[in-house]
1. Ignoring ligands, DNA and RNA, what accessible area per residue does the chain give at 1.4 Å, in Å²?
2. With the contact rule set at Cα under 8 Å and sequence spacing of 6 or more, what percent relative contact order holds for the chain?
3. Have a look at the DSSP beta bridges in the stretch 1-82 and tell me what percent are antiparallel, nearest 5.
4. At 1.4 Å probe size, with the rest of the protein present, what percent of the exposed accessible area of the chain is carbon and sulfur atoms?
5. Taking square-rooted eigenvalues a ≥ b ≥ c of the alpha carbon gyration tensor, is the stretch 45-127 rounded, prolate or oblate, where a/c under 1.5 means rounded and, failing that, a/b exceeding b/c means prolate?
6. With everything on Cα atoms, drop me the angle between helix 9-22 and the longest principal axis of the chain, reported from 0 to 90° to the nearest 10.
7. In debye, nearest 20: dipole of the stretch 80-121 around its Cα centre with unit charges on the Cβ of K, R (+) and D, E (-)?
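The values are calculated or read from the model by the stated rules, or taken from the named source; none is laboratory data. This one's a predicted model, so the numbers in the text were calculated from it and none came from an experiment. As a convention, Cβ positions derive from the backbone with ideal geometry for all residues, glycine included, and neighbour counts pool all protein chains shown. These accessible areas exclude ligands, DNA and RNA; they are computed on the full protein's heavy atoms, side chains included. Shrake-Rupley method; radii C 1.70, N 1.55, O 1.52, S 1.80 Å.
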Amino acid sequence: MSERVTATPAALALISKLEAVHGPLMFHQSGGCCDGSAPMCYPRGDFRVGKSDVKLGIIGDAPFYMSESQFEYWQHTHLTIDVVPGRGSGFSIESPENVRFLTRSRLFTDDELAQLAPVESGEEALH
């Protein structure tokens, strides 16, 4: 199966570091507004996902969600979560580390598209 979302080694190292401090984590790909379109990292359970969200996969041990409406635009795209220097969102827990998570993307190949698993709704993923 093709994965919809992966993370760079630097992002995985930061996730591990943040988990040691905050416990289990989760991500939600922001849809814009105040923080642009950025992957937001939260202690698991601090951001409520619902039936209008979809679970794209897991990076490290952290589930990764996006709104269903945003997924309509991104469904043909592989996401790679990276970390770069700079101040991120005040809402995402990596912000005090003076780094921020960043989404890099590319279109899936035809072979990858044929091997994608369906996404779970956020509500299903919680159970």
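1. Values: 6990 Å² over 127 residues.
Ligands and nucleic acids excluded, the figure is 55 Å² per residue.
2. Numbers: 240 pairs, mean separation 40.3, N = 127.
Relative contact order comes out at 32 percent.
3. On the way: 11 of 17 bridges.
In the stretch 1-82, DSSP labels about 65 percent of beta bridges as antiparallel.
4. Working: 3680 of 6990 Å².
C and S atoms contribute 53 percent here.
5. Values: a/c = 2.23, a/b = 1.29, b/c = 1.73.
Oblate, since a/c reaches 1.5 and b/c is not below a/b.
6. Between helix and principal axis, roughly 60 degrees.
7. Details: 4 positive and 7 negative charges, 64 e Å.
About 300 debye.
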